[in-house]
1. Of all residues in the stretch 110-132, count the ones that are closer than 22 Å to Ala320 by Cβ and surrounded by 13 or more Cβ atoms within 10 Å (Cβ to Cβ).
2. Six or more apart or on different chains, Cβ under 7 Å: which pairs go from a residue in the stretch 180-209 that's on the phi > 0 side of the Ramachandran plot to one that's surrounded by 21 or more Cβ atoms within 10 Å (Cβ to Cβ)? Could you list them?
3. Using the structure shown, decide if Gly161 is over 23 Å from the mean Cα position of the chain (by Cα) and at pLDDT below 90.
4. Suppose we keep only residues that are of a type in the set (Asp, Glu) and within 20 Å of Ala39 (Cβ to Cβ) within the stretch 174-223. Which one would you say is surrounded by the fewest Cβ atoms within 10 Å (Cβ to Cβ)?
5. Under 9 Å between Cβ atoms, which residue pairs at least 6 apart in sequence (or on different chains) link something in the stretch 14-39 that is among the aliphatic types (A, V, I, L, M) with a partner that is modelled with pLDDT under 80 and exposed (fewer than 10 other Cβ atoms within 10 Å of the Cβ)?
6. Output yes when any residue across the stretch 148-167 is in a helix (DSSP H, G or I) and either touching a Lys or Arg at 6+ places or on another chain (Cβ under 6 Å) or basic (Lys, Arg) (or both), and no when none is.
7. What is the residue count in the stretch 326-347 for residues that are part of a helix (DSSP H, G or I) and farther than 16 Å from Phe180 by Cα?
8. Return yes or no: is Pro321 at pLDDT 90 or above and not in a helix (DSSP H, G or I)?
Amino acid sequence: MDDRVVVPRCNVPLQPYLTMAAKQRQASRGPVLLGDFSATHFACPCCPEALKRLNPDLKGPTDDLPPRPQVVVMLREPVLRAHSRFMEQIQLGRLGRVMRGQPHGLEVGFNLSLGFVGYVDWMLPRLEACMREAQAEAEAEAQAEAEAEAQAGAEAGPREGGLGDYLRMQCLMWDHVIGFSVYDLFLENYWRVFPESQVLVSYMETLARDPLAVLRAVEAHVGAPHHTYDASVARTVYNAAGCGWRCANATTTANSSGSDDSGGGSDGGGRGGGSLRALSLRLSGAGGRGRGGGKWTAEADRGNVTAMEGALERLRGFFAPSMRRLIAWADQGRIPQVPESWRELYS
């Protein structure tokens, strides 16, 4: 599906989505597992409720179970996801296009020639300012609720997510490069609509290391019949040239496409610091073959390790509160254990 047309965003007509889904059901001429995938469904405040309302007749894994839409969320280390999205948009010529309600990037001071470091310098302060305003609203809302409960003599219960949370999600959803890498608010938003058992969380690092294990987990989660996969095909790199599944890379290793998902790994520079240095070398094209460079590094960033490390340090600080919540949820058993490299960077 072309997510610029049918993804059920808060400001996009839903009728095309319904029409396409109906055509798929009609074409199947029998029971079918109908799914939808997009990089934008997750970072979308209204999407969980929209998806639930759009698919009220989705069946469970067996006929005797009630309808239960199944959600699969694939997360990547947030710095790598942001950089990958930036490079993808550069290659496709989309970065800087006007989104509804946004000024054009060039009009507010961002020049594409500044590279990823320049984008971080331009966008991150705007995101931080927006999040501060939303946080102030959230704190005022929580204080008002606490005072009302105290006056009523009631014990404070768990919050269901109010205006403050929605405002923070709005801050993030308008920047698909950095904002979409803040995962906790959006995952929590899905949990408010779907039981946690219906939301499968997996990680790109796991997919790169053991794709068949991820496929088996998704099969079990959505109730798909067991299939014998060709292991070599399962390790094929897709979307390696900005053209999606239509032009799969013939290579069977993610590293050779520049899309390795190891997340850095410590190189002896202290907890988190070594990993950040490794990421800086890689994303500035100074990490050797298969570790950056070429089309995976913006021209302005190439060889500029110090500036890249500074930008990544700022991003780490921005992502840290969200990542610590994910790590805590993993330790509580609410989601699978996160990759160890995430703990090195964000614990």
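1. Of all residues in the stretch 110-132, those closer than 22 Å to Ala320 by Cβ come to 116-117, 119-132.
Okay, now just the ones that are also surrounded by 13 or more Cβ atoms within 10 Å (Cβ to Cβ), so 116-117, 119-124, 126-128, 130-131.
Total meeting the criteria: 13.
2. none
3. On the way: over 23 Å from the mean Cα position of the chain (by Cα): no; at pLDDT below 90: yes.
Against the criterion (over 23 Å from the mean Cα position of the chain (by Cα) and at pLDDT below 90), Gly161 does not qualify.
4. Of the residues in the stretch 174-223, the ones of a type in the set (Asp, Glu) are 175, 184, 188, 196, 205, 210, 219.
Okay, now just the ones that are also within 20 Å of Ala39 (Cβ to Cβ), so 175, 184, 188, 205.
Working: Asp175: 22, Asp184: 16, Glu188: 14, Glu205: 21.
Going through the qualifying residues, I end up with Glu188.
5. none
6. Going residue by residue through the stretch 148-167, those that are in a helix (DSSP H, G or I) are 148-152, 163-167.
Now restrict to residues that are either touching a Lys or Arg at 6+ places or on another chain (Cβ under 6 Å) or basic (Lys, Arg) (or both): none.
No, the stretch 148-167 has no match at all.
7. Restricting attention to the stretch 326-347, the residues satisfying the condition of being part of a helix (DSSP H, G or I) are 326-331, 340-346.
Those left that are additionally farther than 16 Å from Phe180 by Cα: 327-331, 340-346.
So the count comes out to 12.
8. Working: at pLDDT 90 or above: yes; not in a helix (DSSP H, G or I): no.
Answer is no for this residue.
The values are calculated or read from the model by the stated rules, or taken from the named source; none is laboratory data. Owing to the predicted nature of the structure, the values given are computational and were not obtained by experimental measurement. Cβ coordinates were reconstructed from backbone atoms using ideal geometry, including for glycine residues, and neighbour counts include every protein chain displayed.
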